[in-house]
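Below is one structure, written out as structure tokens; the observations come after it.
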Amino acid sequence: NAARKPLIAGNWKMNGLGASAPEFVRIVGAYQGSLKNVVDIMVFPPATLLTSFATSTRGAGVIVGAQDCHPAPSGAHTGDISAEMIADAGGKAVIVGHSERRAEHGETDAIVRAKAEAALRAGLVAVICVGETEEDRDAGKAFEVVERQLEGSVPNAARAKTVVVAYEPVWAIGTGVTPTVEEVAEMHGRIRRALQARFGAEGEGMRILYGGSVKPDNAAELLRAGNVDGALVGGASLKADDFLAIAQAA
Ligand code: PEP
């Protein structure tokens, strides 16, 4: 869909020290060439690197964001970071509801939705993750699970410019296994219909990313599937060469 600019997003997870800065600077440098016209790029470093990355991308167009936020703007929540703090640090986006947070921190759809609402309140783009487990898929419940997550996790205030949906089957994350192109297209079609039913033209304009073991050698094929508007990349986003190769495939 020509109306939706492709988006390649890199989730660094709990990886990256000050010494990783040159890797990010290479991404910023490459992006300022021809890539900028054809693809949006977001990088989600650990929160410790957010300020320095936001400073080095200034003016270059690479969007920097955080991997999670607390629903409240401030308060007694030791160890948490608010959406307002992310914006204050120069972040423009935040991932919410990643399957690792749903699993390791017990985040429910209601919590993810509150976090997405916080992102919108602070003027950040919310990248909302959904995806079924292997058990769900084997039980024939993949569509049902993802549609329920969408319904529960995406706020009513979502708009094409403020929300990105990332479909990440849990069994494909970090495993090297991906769904087939047909399976990706089928799920993304379902997600598109659900977004259109709820948000009309805004739902048509929302970008839907595929995530789970996207690598330079499978990116082009996965990105060509229907209703795939980009990728959320974990492992392969840590090396500038691999990440840029994926961006080039978009
Ligand atoms: C992710 O966790 O967002 C992800 C897609 O990871 P990987 O690319 O490593 O499978």
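The values are calculated or read from the model by the stated rules, or taken from the named source; none is laboratory data. Predicted model, so just to flag it, every value in this text is computed and none were measured. FYI the Cβ positions are ideal-geometry reconstructions off the backbone, even for glycines, and counts take in every protein chain you see.
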Subset of the stretch 126-153 (residues that are of a type outside the set (Ser, Thr, Tyr), outside any helix (DSSP H, G or I) and within 16 Å of the ligand (Cβ to nearest atom)): ALA126, VAL127, ILE128, CYS129, VAL130, GLY131, GLU132
From the options VAL184, VAL112, VAL164, residue that is crowded, with 18+ Cβ neighbours inside 10 Å, aliphatic (A, V, I, L, M), in a strand (DSSP E or B) and at negative phi: VAL164
Tabulated pairs, the stretch 93-120, first over 19 Å from ILE173 (Cβ atoms) and hydrophobic (A, V, I, L, M, F, W, C), second in a helix (DSSP H, G or I) and modelled with pLDDT of 95 or more, C-beta under 6 angstrom, 6+ apart or interchain: ALA118/ALA83; ALA119/ALA83
Selected residue (only one of VAL39, VAL43 is surrounded by 14 or more Cβ atoms within 10 Å (Cβ to Cβ) and more than 16 Å from the ligand (Cβ to nearest atom)): VAL39
Residue count for the stretch 200-241, restricted to those that are more than 19 Å from VAL125 (Cβ to Cβ), within 13 Å of the ligand (Cβ to nearest atom) and outside any loop (DSSP other than H, G, I, E, B): 4
Where ARG193 falls short, out of the listed (1) of a type in the set (D, E, K, R); (2) over 18 Å from the mean Cα position of the chain (by Cα); (3) crowded, with 18+ Cβ neighbours inside 10 Å: (3)
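Considering only residues that are at pLDDT 95 or above and among the β-branched types (Val, Ile, Thr), look in the stretch 56-73 and name the one that is farthest from VAL125 (Cα to Cα).
Filtering first and then ranking leaves VAL62.
Against the condition in a helix (DSSP H, G or I), more than 16 Å from the ligand (Cβ to nearest atom) and crowded, with 22+ Cβ neighbours inside 10 Å, how does ALA119 come out, does it pass?
It is true that ALA119 is in a helix (DSSP H, G or I), more than 16 Å from the ligand (Cβ to nearest atom) and crowded, with 22+ Cβ neighbours inside 10 Å.
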Total residues in the stretch 7-26, condition more than 16 Å from the ligand (Cβ to nearest atom) and touching a strand residue (DSSP E or B) at 6+ places or on another chain (Cβ under 7 Å): 1
Near pairs, Cβ below 9 angstrom, 6+ apart or cross-chain, from the stretch 60-88 (without any contact (Cβ under 8 Å) to a residue 24 or more places away in the chain) to any residue that is hydrophobic (A, V, I, L, M, F, W, C): SER74/MET85; ASP80/CYS69; ASP80/ALA72; MET85/ALA47; MET85/ALA66; MET85/CYS69; MET85/ALA122; ASP88/ALA122
All positions within the stretch 157-179 that are among the hydroxyl-bearing types (Ser, Thr, Tyr) and within 16 Å of the ligand (Cβ to nearest atom): TYR167, THR175, THR178
Of all residues making up the stretch 85-108, the number that are surrounded by 18 or more Cβ atoms within 10 Å (Cβ to Cβ), within 16 Å of the ligand (Cβ to nearest atom) and not in a helix (DSSP H, G or I): 7
Residues of the stretch 145-188 that turn out to be of a type in the set (A, V, I, L, M), touching a strand residue (DSSP E or B) at 6+ places or on another chain (Cβ under 9 Å) and more than 17 Å from VAL96 (Cβ to Cβ), as a count: 5
